[in-house]
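Each remark here refers to the structure printed beneath this line.
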Amino acid sequence: MRRIVIADDDVIVRRYLEQIIRNELPEFELCGIAKNGCEAISLIAEKQPDLAIIDIDMPEKDGVEVLYQLRKEKISPETKVIVLSCYNDFDYVKNAMKYGAVDYILKYKVDTETLAKMLESVF
């Protein structure tokens, strides 16, 4: 079973992703939820998940800063990262990919089928 951490400052998005993972994707285990970038780094270091789904725009540290710190300090180096955003701005994508994001998804396009296909392609 693959383990996932979610990091997003929007409670509605966190709950929506949690619901999809827990109820629709039984091959994945949600092992933690963070509401800002600092919590995300601590949680990923502690849980060592297979995948982290990280919002690009969060308080304290944004998604790119989280990715940068994870890679620079070699925190959970095996954890794959998908960046989540409501912005359709390629500069965000480019920066996230530069620091090791494996994929990018727009929040308004997330549904069970899209997330399942993305997770399948990552693993």
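The values are calculated or read from the model by the stated rules, or taken from the named source; none is laboratory data. Just so we're clear, the structure is a prediction, and the values are computed from it rather than from any experiment. No Cβ is skipped: glycine too gets one built from the backbone with ideal geometry, and neighbour counts run over all protein chains shown.
Here's the yes/no breakdown for (1) in contact (Cβ under 8 Å) with a residue 12 or more places away in the chain; (2) surrounded by 12 or more Cβ atoms within 10 Å (Cβ to Cβ); (3) among the aromatic types (Phe, Trp, Tyr):
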residue: GLU65; (1), (2), (3): yes, yes, no
residue: GLU73; (1), (2), (3): no, no, no
residue: TYR87; (1), (2), (3): yes, yes, yes
residue: ILE105; (1), (2), (3): yes, yes, no
residue: THR112; (1), (2), (3): yes, yes, no
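Every test in (1) under 13 Å from ARG3 (Cα atoms); (2) in a strand (DSSP E or B) is passed by PRO26 save one, and that test is (2). A residue that is among the hydrophobic types (A, V, I, L, M, F, W, C), out of contact with any Phe, Trp or Tyr (no Cβ under 9 Å at 6 or more places or on another chain) and either assigned to a loop (DSSP other than H, G, I, E, B) or in contact (Cβ under 8 Å) with a residue 40 or more places away in the chain (or both) occurs nowhere in the range 34-51. Within the range 15-22, is even one residue farther than 25 Å from ASP111 by Cβ and of a type in the set (D, E, K, R)? Looking through the range 15-22, none of the residues is farther than 25 Å from ASP111 by Cβ and of a type in the set (D, E, K, R). Considering only residues in the range 11-20 that are free of Cβ contacts under 8 Å to residues at least 60 places away in the same chain and more than 11 Å from the chain's Cα centre (by Cα), the one that is nearest to THR79 (Cα to Cα) turns out to be GLU18. The residues of the range 81-120 that are among the polar types (S, T, N, Q), more than 15 Å from the chain's Cα centre (by Cα) and at pLDDT 90 or above amount to a single one, THR112. Hey, among the residues in the range 68-115 that are of a type in the set (D, E, K, R) and not in a helix (DSSP H, G or I), which one's nearest to ASN23 (Cα to Cα)? Checked the range 68-115; the qualifying residue nearest to ASN23 (Cα to Cα) is ASP111. Within the range 52-61, identify whether any single residue is in a strand (DSSP E or B), at pLDDT below 95, crowded, with 16+ Cβ neighbours inside 10 Å and of a type in the set (A, V, I, L, M, F, W, C), and answer yes or no. No: zero hits.
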